[in-house]
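Following: one structure in structure tokens, then a few remarks.
The values are calculated or read from the model by the stated rules, or taken from the named source; none is laboratory data. Model, not experiment: these values are computed from the prediction. Glycine gets a Cβ as well: all are built from the backbone with ideal geometry, and neighbour counts include every protein chain shown. Note: areas computed on protein heavy atoms with side chains; ligands, DNA, RNA excluded. Shrake-Rupley method; radii C 1.70, N 1.55, O 1.52, S 1.80 Å.
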Amino acid sequence: MRVVCSTLLVIFLFSIHSNAQATGSVEAHVAAAKAIQASVPKGAKNELDYDYIIQTECTQPKPTTPAQEQAALNRPPNTKPRPREDWYVDPVKVFDNLYYLGTNLDSVWAVTTSAGIILIDANYHWNVEELVAGGMKKMGLDPANIKYLVLTHAHSDHYWGVKWVQDTFHPRVLASEADWNVIAKDNTPAEIKPKKDMVVTDGQKLTLGDTTITLYITPGHTPGTLSLILPLKDGNDKHVGAIYGGFTLGIARAGVPYFPDWPTGLKAYLNSVRKMKDIEAKAGVDTMITIHARIDKMMDKLAAVKARKPGEPHPFVNKEMRKRFLNLLDECVSAQSVWRSKT
């Protein structure tokens with residue numbers, strides 16, 4: 001009976017999703033998004049923060065004037081450190097080969113391999129030493145073994161710490177050409193900017209020892225956002241994780257226009273979401289790894305990992321949640337495209 005109900009639910013949600021795509025109306029897309037939210041099984045733990053996602057992605061934008069948009073574009077960078085108690089969390093071993101080194105807001109991940117460590121993002125220049133070097137040492141890892149640093153996208157909360165890692169441990173740093181260009185042009189102080197290194201191509205494989213990560217260029221959040229497919233180990237169990245490198249919507253930041261207008265930016269974002277849906281389905285992704293902790297209630301999941309007993313399901317493994325996340329983004333960005341086409 002449970003299998004039949006699950007199958008019917010999938011068919012129902014697919015029908016709503018298909019109807020929304022066919023009609024193209026805001027009402028249909030928002031209704032489909034809320035249906036995805038309502039489809040979560042009762043009592044499910046460690047699900048997405050649907051209220052937050054719908055509020056940020058599926059809510060009609062407020063009208064802005066050209067002057068307001070220009071002011072937002074030219075807003076000076078805030079390089080002032082936040083109080084440690086506002087962001088610090090202890091590092092956690094999430095899988096046998098994946099460690100969380102981030103804050104209560106922004107993710108930093110370390111992938112361990114037989115030949116060294118791949119770091120994913122680096123947070124800010126003012127906390128990177130404690131998060132990366134300090135966090136690794138707490139986990140029994142040597143930060144000198146960082147061989148690669150993959151930058152998911154060129155926003156301050158992900159790339160301002162890259163230069164410190166680059167200068168201290170000398171890994172190769174990977175980013176897309178488009179986001180290297182953002183780094184070169186944005187209003188970040190020059191002393192924080194990393195030196196340009198490796199340029200990622202779409203579908204590129206990064207192999208270190210016994211581990212291969214696949215990188216995809218998924219513009220939308222920034223012009224050259226990277227998304228990743230990575231193998232995960234949990235004892236004798238193997239899983240496939242996915243990182244969607246962008247989340248919030250925007251067409252300009254830190255003095256750099258990303259796209260000429262909203263329709264262009266949203267089209268790029270939507271194409272990226274649909275591209276990754278296909279890629280993840282073929283790769284057999286069953287684990288959601290995020291770059292922002294609030295999206296999937298990361299702090300609750302990290303606590304669940306630490307409290308997990310032998311034989312219990314892994315709190316991060318949830319294939320259906322991953323599908324719901326990308327379908328939710330699809331519907332919300334589709335709604336935004338309609339809204340923005342009328343402004």
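Out of region 116-168, which residues are of a type in the set (Gly, Ala, Ser), at negative phi and in a loop (DSSP other than H, G, I, E, B)?
Ala122, Ala154, Gly161
Out of Leu98, Leu149, Leu105, I need the residue that is modelled with pLDDT of 95 or more, under 20 Å from the mean Cα position of the chain (by Cα) and farther than 22 Å from Pro81 by Cβ. Which one?
Details: Leu149 fails: farther than 22 Å from Pro81 by Cβ; Leu105 fails: farther than 22 Å from Pro81 by Cβ.
Every option except Leu98 fails the conditions.
Considering every residue within region 272-281, establish whether at least one is open to solvent by less than 40 Å² (accessible area, probe 1.4 Å), under 25 Å from Leu98 (Cα atoms) and modelled with pLDDT under 95.
For region 272-281, residues open to solvent by less than 40 Å² (accessible area, probe 1.4 Å), under 25 Å from Leu98 (Cα atoms) and modelled with pLDDT under 95: absent.
Just checking, which of Ser6, Ser39 is open to solvent by less than 70 Å² (accessible area, probe 1.4 Å), at pLDDT 85 or above and of a type in the set (S, T, N, Q)? Write out each step before concluding.
On the way: Ser6 fails: at pLDDT 85 or above.
Unique residue meeting the criteria: Ser39.
Report whether or not Ala115 is in contact (Cβ under 8 Å) with a residue 24 or more places away in the chain, out of contact with any helix residue (DSSP H, G or I) (no Cβ under 8 Å at 6 or more places or on another chain), open to solvent by 10 Å² or more (accessible area, probe 1.4 Å) and more than 23 Å from His314 (Cβ to Cβ).
yes
Here is a yes/no grid of residues against (1) at pLDDT 95 or above; (2) β-branched (Val, Ile, Thr); (3) open to solvent by less than 60 Å² (accessible area, probe 1.4 Å); (4) closer than 18 Å to Tyr99 by Cα:
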{"position": "Gly134", "(1), (2), (3), (4)": "yes, no, yes, yes"}
{"position": "Gly140", "(1), (2), (3), (4)": "yes, no, no, yes"}
{"position": "Ala144", "(1), (2), (3), (4)": "yes, no, yes, yes"}
{"position": "Val162", "(1), (2), (3), (4)": "yes, yes, yes, yes"}
{"position": "Asp167", "(1), (2), (3), (4)": "yes, no, no, no"}
{"position": "His170", "(1), (2), (3), (4)": "yes, no, no, no"}
{"position": "Pro189", "(1), (2), (3), (4)": "yes, no, yes, no"}
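How about region 169-213: which of its residues are part of a strand (DSSP E or B), out of contact with any strand residue (DSSP E or B) (no Cβ under 6 Å at 6 or more places or on another chain) and within 21 Å of Pro223 (Cβ to Cβ)?
Those that are part of a strand (DSSP E or B), out of contact with any strand residue (DSSP E or B) (no Cβ under 6 Å at 6 or more places or on another chain) and within 21 Å of Pro223 (Cβ to Cβ): Ala175, Val199.
This table checks each residue for (1) outside any helix (DSSP H, G or I); (2) open to solvent by 20 Å² or more (accessible area, probe 1.4 Å); (3) touching a residue at least 24 places away in the same chain (Cβ under 8 Å).
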site	(1), (2), (3)
Glu27	no, yes, no
Lys45	yes, yes, yes
Ile53	no, no, yes
Thr56	no, yes, yes
Pro63	yes, yes, yes
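Residues of region 230-258 being part of a strand (DSSP E or B) and surrounded by 19 or more Cβ atoms within 10 Å (Cβ to Cβ), which ones?
Residues satisfying the conditions are Leu230, Pro231, Leu232, His239, Gly241, Ala242, Ile243, Arg253.
Condition first: surrounded by 15 or more Cβ atoms within 10 Å (Cβ to Cβ) and part of a helix (DSSP H, G or I). Now tell me which residues in region 282-292 satisfy that.
Across region 282-292, the qualifying residue is only Ala283.
So Ile295 fits all but one of (1) under 21 Å from Asn74 (Cα atoms); (2) not in a helix (DSSP H, G or I); what number is the exception?
Result: Ile295 passes all but (1).
If the requirement is being open to solvent by 20 Å² or more (accessible area, probe 1.4 Å) and among the hydroxyl-bearing types (Ser, Thr, Tyr), which of these qualifies: Thr79, Thr103?
Thr79
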